[in-house]
Amino acid sequence: PSECATCSDGNSCDTCKSSYYKDGTSCVLNCPAGKYPVSGPPKQCLSCLAGCATCSDGTSCDTCQVLYYKDGTICVDTCPPGKWSNGENQVCASCPANCDVCTDSITCTKCSSGYYLLNGQCYSPCPQRYYQRLGTINTCEECMSNCLSCTIGSTCDTCDSGFTFDGISCVVACPPGF
């Protein structure tokens, strides 16, 4: 081929002319997608990191392949805990605070250790009228009706003003003397 400086047979180049980069057994003016140029010597095309569509060097990615997401300077097929796969921008974006798994930047599905999930948000401790339930996914569960604070759902530690716990639920308190 005419772009070869030297070749051992009619189809493959051993070395390239000065304006070309060696890519396998070929000589090219520009390195193909997934490879980056090294000025050498010898001038050659080297592979980008796995998952990169384009790169400027062998240590970072400029853009990612389809179904890969940019996480810092690399491309990953699965975003790490605390991040979600934003397909629109093809990046690993941050989850809400104290969240390990989320569906987007505002909706958590699993909180970090020591936090409890309620309506897509993470709390520690749970807000009033909710108690902390430990499980595969720690959650804030609602206390019984008219209950201000509880540690389990079947009892109440503090009933709302004007209510008292009768052993089963928070009921309207009788006036003094009754």
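Surface analysis of the chain yields an accessible area of 60 Å² per residue, using protein heavy atoms and a 1.4 Å probe. Ligands, DNA and RNA left out, the accessible area of the chain computed with a 1.4 Å probe is 52% carbon and sulfur. For region 43-178, the relative contact order comes to 10 percent (Cα pairs under 8 Å, sequence separation of at least 6).
If we count every other residue with Cβ under 14 angstrom of Leu29's Cβ, Lys/Arg +1 and Asp/Glu -1, where does the sum land? Cβ neighbours under 14 Å give a net charge of +2. Counted by Cβ distance under 12 Å from Ser56, the other residues give a net charge of -1, where Lys and Arg count +1 and Asp and Glu count -1. For the chain, the Kirkwood hydrodynamic radius from C-alpha pairs, put into Stokes-Einstein at 37 °C and a viscosity of 0.692 mPa s, yields a diffusion coefficient of 154 µm² per second.
Within region 1-93, the proportion of Cα pairs with more than 23 Å between them is 38 percent. At each listed q (0.16 Å⁻¹), what is the log10 of I(q)/I(0) that the Debye formula gives for region 70-138 modelled as equal alpha-carbon point scatterers? Cα-only, vacuum Debye calculation for region 70-138: -0.54. Give me the lysines in straight-line cross-link reach of Lys83: C-alpha distance below 26 Å, same-chain residues under 8 apart excluded. Result set, ordered by chain and number: Lys70, Lys110.
With a Förster radius of 30 Å applied to the beta-carbon distance between Ile168 and Leu134, the computed FRET efficiency rounds to 0.80. Here the Karplus relation 6.51 cos²θ - 1.76 cosθ + 1.60, evaluated at θ = phi - 60°, turns the backbone of region 34-43 into coupling constants of x, 9, 10, x, 10, 6, x, x, x, 5 Hz, with x for every Gly and Pro. Close amide-amide hydrogen proximity is noted between Gln121 and Cys108, each under 5 Å apart and 5 or more residues distant or on a separate chain (H modeled in the peptide plane; Pro and chain starts excluded). Radius of gyration over Kirkwood radius for region 72-112, both on Cα atoms: the Rg/Rh ratio is 0.95.
The values are calculated or read from the model by the stated rules, or taken from the named source; none is laboratory data. Everything numeric in this text was worked out from a predicted model, so none of it was measured. So basically every Cβ, Gly included, is an ideal-geometry build from the backbone, and we count neighbours across all protein chains shown. Just so you know, the surface numbers come from the protein's heavy atoms only, side chains and all, with ligands and any DNA or RNA stripped out. Shrake-Rupley method; radii C 1.70, N 1.55, O 1.52, S 1.80 Å.
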